[in-house]
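For reference, the structure is listed below as structure tokens.
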Amino acid sequence: MWKKLSKPFWGVCALTGMFWLSACSEAVQVAPVELIPVPEQIRQGNDVFVLKNKMVVGYAGEELAPAATYLAGMLSRATGYTIQTAAGEGDICLSLQPQLPSGGYQLEATRKQVNIAGNGYSGVIAGIETLRQLFPAAIESKEVVEGVDWAIPSVSVTDAPHYEWRGLMLDVSRHFYTVDEVKELLDLMALYKMNKLHWHLTDDQGWRVEIKQYPLLTEKGAWRTFNAHDRSCMEMAAANDNPDYLIPEDRLRIVKGDTLYGGFYTQEDIKDVIAYAQVRSIDIIPEIDMPGHMLAAVSNYDGVSCFKETGWGSIFSSPVCPGKDSALEFCKNVYREIIGLFPYKYIHIGGDEVEKTNWKKCPDCQKRMRANGLKSEEELQSWFIHEMERFFNENGKEMIGWDEILEGGLSKTATVMWWRSWVGDAPEKTTSQGNSIIFTPNSCFYLDYQQDTKSLPNIYNFDPSSEVASAEAQSLIKGVQGNIWTEWIPSRERMQYMVVPRMQAIAELGWSRPERKDWGDFSQRLVAHFERLSRMDVNYRVPDLEGFYKTNAFISEGKVELSCMDPNVKVHYTTDGTMPTLDSPEYTGAITVTETTDFKFRTFRANGKPSDVFTTRYVKSDYAPAVQAAPSTPGLTAAWHDFRGNNCTDISKAPKKGVYPIEDVKIPKGVSGNIGLVVTGYFNAPKNDIYTFVLLSDDGSTLVIDKEMVVDNDGAHSPREIVGQKALAKGYHPMELRYFDCNGGLLSLKVLDSEGHEIPFTHLYAH
């Protein structure tokens, strides 16, 4: 009766689309099985279960009644059927089976009945989401859909999560999101078995949760005049022909002639969202970030900061004063109300990016340090964190903090959220002390970072277990989380565009066992989910076009050949600098170029929604001649400048701190802090060829060869890889690479020949 689904099956399903099975002597159209995350075990039979009007969702035990109601509502919306719920047996049965693994479930679908058994409530919800994905994508429609066979194949699924924590963090401080928008995100998370929403409720830019004891936090702290990020968003909306960057008008109000922007949640709003999440088995973790990132609080209440004047220090804002008892009491009073609202056991204190300049000058802070034998401001921060943690523990809560809470000492009960990719020893330091860790490294899990062709596979192939050595340490890995920081994400549409489909990759990384994962298989299943996402009105991002670089070189004739993971999109382009629209020429096959040409490409989904624009240049050239005199010394020279800025051209203006010989493009050992590098030397082309230069950096970098810009990766940005080509004659070519780092260094350069072979750096450079 049953057949186990192997990986080749998944591929076949993706290609064949709908297929037909027989049910009750009638031919019924059934969608292929394309589950995300991929389950532990699944077998498919030859029968089919057909959903019909007035069917019953039965549940064993009153605790499953909310899950039954949730499922019935899900099945009724698009079908138009009346789906009832009842204690006991039903056409679809929900039950508990405690012997299953934690969070696990079993789903059995036959012609007559569907049975879902879970280890607990969360397991039942996971089984419901699997059932949801087995139905045709039209099940996600918000209106009744006619002419659909509401059927699933007979299947047997046994499944359980790999990690307990599969989360997203939503920052609502930089830009505010309504209750309905948060609920929409929760629905997406539930569909893909994600179970933790980390709600970043406060920051310098806005206070978003009502605290009844301190009404000014929302009366004033929830509203602001437009800041640099807001203005930047509006500029990008105009420059990129993209309304998703616009500030939503319903977040604006006029006060005394000033336009203010913001919003906040009442405590009743918070309760409403929590109840909505609980039905979907999603826990919500509140974050009131402290002692830093508290400008919205310290600027509205006396006795919270070190000094009366508040604002920005050398890098970050004025923090809470840990030396003042009044400040400590303020923080605890805020969290008393937060603890009363949020039932989940964890509280996130933040603890990141604290400007400690004020603490060095504050007599109260220095007095606190002397009284407690603290030797540094880092230890003072640790003292504050421990003080708040004791308060949390006394009130039945456990603490999570960003990895900065490691500085100055870590308590035995805290959980660390590792975000700073450049602090590579943080996972080992955390687990060696017996503390749990959640992986959210900014290198690939910061969903506000711009995406490229490697964004999805970098997430999908990330291995948390490789970051710690022992089996005991690996047992302390709670899971993974994607973070949605919203400086440049002002709208629901832009948020979804940046999150989806990266969240699907995070979901499968967190849920599925490593041996069940396969990137090629996942990418095929992901394409099948785009219709489902469209039915949900999700503004997902079509994966990158491939087949070109930022700069492409050719000698006499070039070919523009594009591909996309989603074969159903349309691609339109321009060559005159204008923005592509649906009226622009459509890419239908290879384009031949015989002159230097600048292209703008844009993908369009079936609903006409466009992607961001892809720009590329095809450069006609000859092989650039090599220098006559060959340099004598192998390697490169790196000059380190004490640089703080946002443009590579300015690096040379900063004071020079040292000169280092390096054999390859990298940050020299011992160089840290404010980094501005000017790397000079010669590139040795082994033959006449078109060379591809892959420059990865965080932050900005540029590569100039033969006085011509080959790769422009300049500006402050997250880890980003830019690729350019240049035709070079055999021999040595003068080169200059510039790089600067604002917060966490990353620099590498790969060189490939025209056949795609990477050239080892050995003897590749000279000076």
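The sole residue among G731, G745, G724, G756 that is within 26 Å of K653 (Cβ to Cβ) and either out of contact with any Ser or Thr (no Cβ under 7 Å at 6 or more places or on another chain) or β-branched (V, I, T) (or both) is G745.
Among the residues here, L695 qualifies as among the aliphatic types (A, V, I, L, M), crowded, with 23+ Cβ neighbours inside 10 Å and out of contact with any Phe, Trp or Tyr (no Cβ under 7 Å at 6 or more places or on another chain).
Matching residues to (1) within 29 Å of W422 (Cα to Cα); (2) charged (D, E, K, R); (3) surrounded by 16 or more Cβ atoms within 10 Å (Cβ to Cβ):
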{"residue": "A716", "(1), (2), (3)": "yes, no, no"}
{"residue": "I722", "(1), (2), (3)": "yes, no, yes"}
{"residue": "G731", "(1), (2), (3)": "no, no, yes"}
{"residue": "P734", "(1), (2), (3)": "no, no, yes"}
{"residue": "Y739", "(1), (2), (3)": "yes, no, yes"}
{"residue": "C742", "(1), (2), (3)": "yes, no, yes"}
{"residue": "V751", "(1), (2), (3)": "yes, no, yes"}
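Of the numbered criteria (1) in the same structural domain as R77 (by TED's automatic domain parsing); (2) under 21 Å from the mean Cα position of the chain (by Cα), the one S141 fails is (2).
Looking at region 113-195, the strands (runs of 3 or more DSSP E) lying wholly inside it that each contain 1 or more residues that are hydroxyl-bearing (S, T, Y) and at pLDDT 95 or above sit at 151-159. The residues of region 343-378 that are crowded, with 17+ Cβ neighbours inside 10 Å and basic (K, R), listed by number, are K356, R368. The selection criterion, being closer than 30 Å to F445 by Cα, of a type in the set (A, V, I, L, M) and assigned to a strand (DSSP E or B), holds for I722. For region 306-363, the set of residues classified as of a type outside the set (F, W, Y) and touching a Lys or Arg at 6+ places or on another chain (Cβ under 8 Å) consists of C306, P319, P322, G323, E337, I339, L341, K345, I347, listed by residue number. Residues considered: E508, E493. Of these, the only one that is surrounded by fewer than 22 Cβ atoms within 10 Å (Cβ to Cβ) and either of a type outside the set (A, V, I, L, M, F, W, C) or in a helix (DSSP H, G or I) (or both) is E493. Of all the listed residues (V659, V627, V678), the sole one being among the aliphatic types (A, V, I, L, M), surrounded by fewer than 17 Cβ atoms within 10 Å (Cβ to Cβ) and in a strand (DSSP E or B) is V659. If the condition is being farther than 25 Å from A151 by Cβ and not in a strand (DSSP E or B), then region 85-112 contributes Q97, P98, Q99, L100, P101, S102, G103, G104. In this structure, D204 does not satisfy being out of contact with any strand residue (DSSP E or B) (no Cβ under 7 Å at 6 or more places or on another chain) and either in contact (Cβ under 8 Å) with a residue 24 or more places away in the chain or in the same structural domain as T581 (by TED's automatic domain parsing) (or both). Going by the conditions given, is W10 farther than 30 Å from Y460 by Cβ, at pLDDT below 95 and aromatic (F, W, Y)? In short, no. For region 262-277, residues that are touching a helix residue (DSSP H, G or I) at 6+ places or on another chain (Cβ under 9 Å) and either of a type outside the set (F, W, Y) or at pLDDT below 95 (or both) total 11. Note on region 458-490: among residues that are closer than 27 Å to E235 by Cα and among the aliphatic types (A, V, I, L, M), the one that is surrounded by the most Cβ atoms within 10 Å (Cβ to Cβ) is I489.
Number of residues in region 46-84 that are in a strand (DSSP E or B) and under 24 Å from Y192 (Cα atoms) equals 6.
Taken together, T615, T592 contain a single residue that is farther than 25 Å from D244 by Cα, touching a residue at least 12 places away in the same chain (Cβ under 8 Å) and assigned to a strand (DSSP E or B), which is T592. Across region 398-412, the number of residues qualifying as surrounded by 19 or more Cβ atoms within 10 Å (Cβ to Cβ) and outside any strand (DSSP E or B) comes to 6.
Once region 571-611 is narrowed to residues that are of a type in the set (D, E, K, R) and modelled with pLDDT of 95 or more, the residue that is nearest to the chain's Cα centre (by Cα) is R602.
The values are calculated or read from the model by the stated rules, or taken from the named source; none is laboratory data. Keep in mind that this is a model prediction, so the values were computed, not measured. Backbone-built Cβ (ideal geometry, glycine too); neighbour counts: all protein chains shown.
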